[in-house]
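As C-alpha cells, the structure follows; a few thoughts come after it.
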Amino acid sequence: SSIKVGAFSDKACVAAEFQEGHRQQYYEILWLKSGNGNHVIDTVSYPYSGSVLFMLSPGQLHQIHPVEKGEGHIIKFTSSLFSDTRDLDEYLIKTGLFDNIQSEPLIKLNASIHTILEDVLKKMEAEFNTEEDDKEKILLAYLKILLTHISRLKKINITREAAGIDVNFSLFQKY
C-alpha cells in the first residue's frame, strides 16, 4: 500500500523511530501531541515540546530521543499515491512542506489547528482500518486536506515571524 496511517506511541509497531537512526523510503508526517525531547534529523537536533508536527521526506535520516514520551499520529506515504503529476507538484513540491533544504521540518501547533487536524486524522485512521474499495482514493483526499491545512498554518507562521523581525528591526533603527 502507498499510505499507512496509525497512532504513534512508544508501544506502537511504528516505533522504529526510536531505534537506531533510520533512513526512510517515504514521506512522513509525524504529529506529537504531547511530550518533549529531541528529534535528530540529518544530524541536526530539533528540541520539541507540546504539540508539534515533523515533516520528513524520503532519504532523511532521523531518530527521536524522547525525554517525556508523548502520544501522537503518524502518516507515511509514497509519491506513487499521487497518480496525477499535477497533484504531486501541487501538494508535495509547491507547498514546500517537505523541502528538507529550504524549510524547517518542525512546525509548532496552536489549539485551533489542533482540533482540525484531530478531526481529519480520526477520519483517516477509520478509513485506513476499513476493508472497503477505493480506500486509497479517500485517504488521498484526506491527505490533500491535511497538507492544505498544514501549508496554510505554515504560511501564517512565516508571516508572523517576518512581522516579528520587521518590528525588531524598526526598533533597532530608532536607536
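Bear in mind these aren't lab numbers, they're just calculated from the coordinates by the rules spelled out. Since the structure is predicted, the reported quantities are computational estimates derived from the model, not experimental observations. Counting neighbours? That spans all protein chains shown, and the Cβs are built from the backbone with ideal geometry, glycine included.
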**Request:** For N38 paired with T130, estimate the spin-label separation in nm (one decimal), with each label point 7 Å from Cα along the Cα-to-Cβ line.
**Result:** 4.4
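Based on DSSP H runs of at least 4 residues, each adding -39500 (n - 2.57), what is the mean residue ellipticity at 222 nm of the chain after dividing by all its residues, to the nearest 500 deg cm²/dmol?
Values: 3 runs with 62 residues, N = 175.
Here the helix-only value at 222 nm equals -12500 deg cm²/dmol.
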**Request:** Pop the C-beta distance of Q24 and A111 into the FRET formula with R0 = 30 Å and round what comes out to the nearest 0.05.
**Result:** 0.50
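Pull up the DSSP beta bridges for the chain and report the antiparallel fraction as a percent, rounded to 5.
Values: 34 of 34 bridges.
Within the chain, antiparallel bridges account for around 100 percent of the total.
Could you order peptides 151-164, 60-73, 113-126, 28-41 by the average number of other Cβ atoms within 10 Å of their residues, highest first? It would help to have the intermediate numbers written out before the result.
Details: 151-164: 12.6, 60-73: 16.9, 113-126: 15.3, 28-41: 19.1.
Top of the packing list down: 28-41, 60-73, 113-126, 151-164.
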**Message:** Run the simple label-point estimate for Y46 and V67 please: 7 Å along Cα→C-beta, distance reported in nm.
**Reply:** 1.8
**Request:** Calculate how steeply helix 111-128 sits against the longest principal axis of the alpha-carbon atoms of the chain, using the helix alpha-carbon long axis, and give the answer as 0 to 90 degrees to the nearest 10.
**Result:** 20
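Under the 0.36 nm per residue contour assumption, what length would be gained going from the current alpha-carbon distance of S103 and A7 to full extension? Let's see the in-between values first.
Numbers: separation 96, 0.36 × 96 = 34.56 nm, distance 2.56 nm.
Extra length available between S103 and A7 comes to 32.0 nm.
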**Item:** Entries of K4/K33; K69/K94; K69/K154 with Cα pairs more than 28 Å apart
**Value:** K69/K94
**Asked** What is the spin-label model distance, in nm, from T159 to S80 if the labels are put 7 Å beyond Cα along the C-beta direction?
**Response** 3.9
